[in-house]
Amino acid sequence: LSCVLVLATTVCALDFHSDEAAECATKHWSEIRDIVNPKISMMDKILPKAGVERVRKLLDGKDELPKDPPPRSWLGEAADAIPEGLMSMFGKKIIEECVDEMKHK
């Protein structure tokens with residue numbers, strides 16, 4: 001049973017590199033910024049070292065996300081820097097709900 005649950009989780013995982021995820025992140029960027037920006041100062045306590053380094057590089061030394069939605073490639077790189085288990089802390093639910101709505105239209 002646990003294998004089925006693991007498989008179901010893997011199959012249902014959100015693809016942050018998809019067109020839909022990028023469109024939803026762009027559409028809800030201000031909400032995502034509101035969730036993520038307060039966490040940036042403590043990312044070294046949340047993320048693995050390699051993830052922290054990748055995020056710092058993406059932020060270009062700034063302490064907050066860009067005001068305007070970044071390019072799709074940036075969004076994918078940011079998602080790759082954060083372990084899947086922690087994505088819920090960084091706006092994953094907003095993007096999941098949006099993608100789900102798109103699929104059911």
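The values are calculated or read from the model by the stated rules, or taken from the named source; none is laboratory data. Bear in mind that the values here come from a model prediction, so they are computed numbers and not experimental data. Heads up, the Cβs are rebuilt from the backbone with ideal geometry, glycines too, and the neighbour counts pull from every protein chain shown. Just so you know, the surface numbers come from the protein's heavy atoms only, side chains and all, with ligands and any DNA or RNA stripped out. Shrake-Rupley method; radii C 1.70, N 1.55, O 1.52, S 1.80 Å.
A few remarks follow.
- Per-residue [θ]222 nm for the chain (sum of -39500 (n - 2.57) over DSSP H runs n ≥ 4, rounded to 500): -19000 deg cm²/dmol
- Legend: residues Glu96, Glu101, sorted from most to least accessible area (1.4 Å probe; ligands, DNA and RNA excluded), read Glu101, Glu96.
- A cut-off under 13 angstrom between Cβ atoms defines the neighbours of Pro69, and their net charge, with Lys, Arg +1 and Asp, Glu -1, is +1.
- Highest average first, the peptides 19-32, 48-61 ordered by how many other beta carbon atoms sit within 10 Å of their residues are 19-32, 48-61.
- Each residue, Asn37 and Asp60, gets one label point 7 Å from its Cα in the Cβ direction; the gap between the two is 1.7 nm.
- Of interest is the spacing of the C-alpha centroids, which for region 16-49 and region 91-105 amounts to 15 Å.
- Heavy atoms of Asp68 accessible to a 1.4 Å probe, total area in Å² rounded to 10: 110 Å²
- The label-point distance for Ser30 and Ala50, in a model that sets each label 7 Å from Cα toward Cβ, rounds to 3.7 nm.
- Taking a Cβ cut-off of under 13 Å around Ala50, the surrounding Lys, Arg, Asp and Glu residues balance to a net charge of 0, with basic ones at +1 and acidic ones at -1.
- Selection among Pro71, Ile94, Gly51 by position relative to the dipole of the chain gives Gly51 as farthest towards the positive end (Cβ unit charges, Cα centre).
- Answer label, with Cα Rg over 2.2 N^0.38 Å calculated from the coordinates and candidates [x] 1.10; [y] 1.01; [z] 1.16: [x]
- Estimated FRET transfer efficiency when R0 is 25 angstrom, pair Met89-Asp19 (beta carbons, to 0.05): 0.55
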